[in-house]
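Read through the structure below, which is laid out as structure tokens, and then see the notes.
The values are calculated or read from the model by the stated rules, or taken from the named source; none is laboratory data. Since we're looking at a predicted model, the values are computed, not measured. Here Cβ is always computed from backbone atoms with ideal geometry, including for glycine, and neighbour counts include all displayed protein chains.
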Amino acid sequence: SITDFSFDSREQWPQCTSISTIRDQSDCGSCWAFGAAEAISDRICIASNGKTNVAISSDDVLSCCGKTCGDGCDGGYPIEAWRYWVKHGICTGGSYESQSGCKPYTIPPCGHHVNQTYYGACPTDGYSTPVCTSTCIDGYSTSYTDDKHYGKSAYGVAKTVTGIQKEIMTNGPVEVAYTVYEDFYQYTSGVYVVSALCACLCVFICRG
């Protein structure tokens, strides 16, 4: 059975360092863009057997996908980010701190993260969606157009534990979304399972 053994993507594809990288979306509801950019980065590396190890820009898809993908920092649609990658391509770009790639993340970190630095207060209303640009940062040697990476296809997988497991083990990390209930705010570790006593559905925007 597929559940009878452990599987760690970091160990399966150790040459793909992006799998171990956790990015900071800051106070912007860009989880849909981050999830896509990070999983795409991993899959590009896996598909190339480690020959192409890049950080796909979450800022590029967040700022340039437009209304097709949703509302930017106010939330969006994960599948549309993947379709954008196939149709329009996405350039490279690392974290705000790294300033690496063509278009690194333009929103600075804020607030407090467990066992990490306090970055200062976040804006009262959160950050606004960055403006779309078609140029790379100063000093980057490749043009925006030439820096883009394109996907072959965007698709969903079976909405079952086994289906998702098989997809991860075959092609690499996936992006998922799930229904959030009020008890999620008490989550601390492990696999989240909604409490039988929890009946209130929570409207949840993916701000960092």
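Data for the structure
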| read-out | value |
| --- | --- |
| Number of the exception - Thr145 against (1) in a loop (DSSP other than H, G, I, E, B); (2) more than 19 Å from the chain's Cα centre (by Cα); (3) within 28 Å of Cys64 (Cβ to Cβ) | (1) |
| The one condition in (1) part of a loop (DSSP other than H, G, I, E, B); (2) at pLDDT below 90 that Thr133 fails to fulfil | (2) |
| Search result, residues across segment 17-53 that are over 24 Å from Gln116 (Cβ atoms), touching a Cys at 6+ places or on another chain (Cβ under 8 Å) and either among the polar types (S, T, N, Q) or surrounded by 21 or more Cβ atoms within 10 Å (Cβ to Cβ) (or both) | Cys45, Ile46, Thr52, Asn53 |
| Segment 43-59, residues that are touching a residue at least 60 places away in the same chain (Cβ under 8 Å) and within 18 Å of Glu97 (Cβ to Cβ) | Val54, Ile56, Asp59 |
| Residue identified as touching a residue at least 24 places away in the same chain (Cβ under 8 Å), within 23 Å of Cys28 (Cβ to Cβ) and aliphatic (A, V, I, L, M) among Ala177, Ala121 | Ala177 |
| Filter pass, Tyr127 being surrounded by 22 or more Cβ atoms within 10 Å (Cβ to Cβ) and under 24 Å from Ala177 (Cα atoms) | no |
| Looking only at segment 21-46, and only at residues there that are touching a Lys or Arg at 6+ places or on another chain (Cβ under 9 Å) and among the small types (Gly, Ala, Ser), the one that is farthest from Cys69 (Cα to Cα) | Ser26 |
| Residues satisfying the stated conditions in segment 189-205, i.e. under 27 Å from Ser41 (Cβ atoms), at pLDDT 80 or above and not small (Gly, Ala, Ser) | Val191, Tyr192 |
| Members of segment 167-188 that are at pLDDT below 90, part of a loop (DSSP other than H, G, I, E, B) and either out of contact with any Cys (no Cβ under 8 Å at 6 or more places or on another chain) or charged (D, E, K, R) (or both) | Ala177, Tyr178, Thr179, Tyr187, Thr188 |
